[in-house]
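Just below is one structure, and these are the notes that go with it.
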Amino acid sequence: GFDIDLTKAVAKSLGVGTTVVKTRFDDIDSGKVLNQNQCDVAVAAMTITGDRARVVDFSSPYYDAGQEMVVQSGSGISTLDDLGGGRIGVQTGTTGEVYVSDNAPDSAEVVPFADAGQIGAALDSGDVDAAVYDNTVVGDVLKQYPDFEKAQFFPTGEQYGMAVKKNSSVDLLRVINRVLAQIPPGSKGYDAIYNRWFGAESG
């Protein structure tokens, strides 16, 4: 929602409409959907990383993010260190998977899932003991599963960017960056979109 509304602002500047195509995150992360011309812009709360920048071109950052761990209420789990011998659900190919793999206790099992919906279902059924998401989606997870609670926030210093086809969409990238520069975090236009989805001012 938040990402899509920002994309609509770019489309408005171009005088065009938007069509949202839902696909696997792995196909976005690899640049596949862009390289095969399935879409013009990829927006999926995607953190700008060096590895990804080798296969796609990123816009300027539009959001500072982190990772957040969610557990069943009353589980007694409050930190990643509490999960020795436990199972932690993550989304395949995400920075959350990387963070948990690098920082969880050696005895913990990192369990990858194709999408965030599968992670929530696994935590709800007890198949995993905790789940780690981008902090931007945790609010929706807690609405869907009232028995879940936040356990720990990880300030990973991530920044989201929009992605376009590598070395092929310079003009589009310029437009995206121009629109993002016109509605920086903290501005009236940015906060109107932010508040719609997260309910608090961006800064």
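Can you list the HN-Hα couplings for segment 8-20, worked out from phi with the Karplus curve (6.51, -1.76, 1.60; θ = phi - 60°), rounded to whole Hz and with x for Gly and Pro?
5, 5, 5, 4, 4, 5, 7, x, 10, x, 10, 10, 8
Would you mind getting the accessible area per residue of segment 1-56, heavy atoms of the protein chains only, 1.4 Å probe, in Å²?
56 Å²
Would you mind getting the accessible area per residue of segment 125-192, heavy atoms of the protein chains only, 1.4 Å probe, in Å²?
Heavy-atom SASA per residue in segment 125-192 reads 52 Å².
Using the Karplus curve 6.51 cos²θ - 1.76 cosθ + 1.60 with θ = phi - 60°, what ³J(HN,Hα) values do you get for each residue of segment 140-150, in whole Hz, with x for Gly and Pro?
Result, ordered by residue: 5, 4, 5, 5, 6, 10, x, 7, 8, 9, 6 Hz.
Enumerate the aspartates and glutamates that Lys32 could reach by cross-link, defined here as Cα to Cα under 18 Å, with residues fewer than 8 away along the same chain left out.
Asp40, Asp51, Asp57, Asp115
Rank by packing, highest mean first: peptides 144-153, 181-190, with packing defined as the count of other Cβ atoms within 10 Å averaged across residues.
The most tightly packed comes first, giving 144-153, 181-190.
What is the projected area of the convex hull of the Cα atoms of segment 1-114, averaged over all directions, in nm²?
Seen from a random direction, the Cα hull of segment 1-114 projects 8.6 nm² on average.
Relative contact order for segment 1-134 using alpha-carbon pairs under 8 Å, separation at least 6, rounded to a whole percent?
24 percent
Would you mind putting 97-107, 57-67 in packing order, based on average other-beta-carbon counts within 10 Å, highest first?
Highest mean packing first, the order is 57-67, 97-107.
Rounded to the nearest 20 Debye, what is the dipole magnitude of segment 110-181 about its Cα centre when Lys and Arg each give +1 and Asp and Glu each give -1 at the C-beta?
Value, rounded to 20: 640 debye.
In whole Hz, with x marking every Gly and Pro, tabulate ³J(HN,Hα) for segment 96-110 from phi via Karplus 6.51 cos²θ - 1.76 cosθ + 1.60, θ = phi - 60°.
x, 4, 5, 4, 5, 4, 7, 10, 6, x, 4, 7, 7, 9, 8
Within the set Lys143/Lys165; Lys143/Lys166; Lys22/Lys165; Lys12/Lys165, which residue pairs have Cα atoms separated by over 28 Å?
Lys143/Lys165; Lys143/Lys166, as the Cα separations exceed 28 Å there.
Considering amide H positions built from the backbone, and no H for Pro or chain starts, which residues 5 or more places from Ala151, or on another chain, come under 5 Å of its amide H?
Met69, Val70, Val71
Round to a whole angstrom and tell me the spacing of the C-alpha centers of segment 29-58 and segment 126-199.
About 15 Å separates the Cα centre of segment 29-58 from the one of segment 126-199.
Nearest 500 deg cm²/dmol is fine: what mean residue ellipticity at 222 nm does the chain get from its DSSP H runs of n ≥ 4 alone, each adding -39,500 (n - 2.57), divided by its residue count?
Only helices count here, giving -11000 deg cm²/dmol.
For the chain, what % of the accessible area comes from carbon and sulfur atoms, probe 1.4 Å?
47 percent
The values are calculated or read from the model by the stated rules, or taken from the named source; none is laboratory data. What you see is a predicted model; the values in this text were computed from it and never measured. Neighbour counts are summed over all protein chains in view; Cβ atoms, including those assigned to glycine, are modelled from backbone coordinates with ideal geometry. When the accessible area is computed, the model is the full protein with side chains, heavy atoms only, and any ligands, DNA or RNA have been set aside. Shrake-Rupley method; radii C 1.70, N 1.55, O 1.52, S 1.80 Å.
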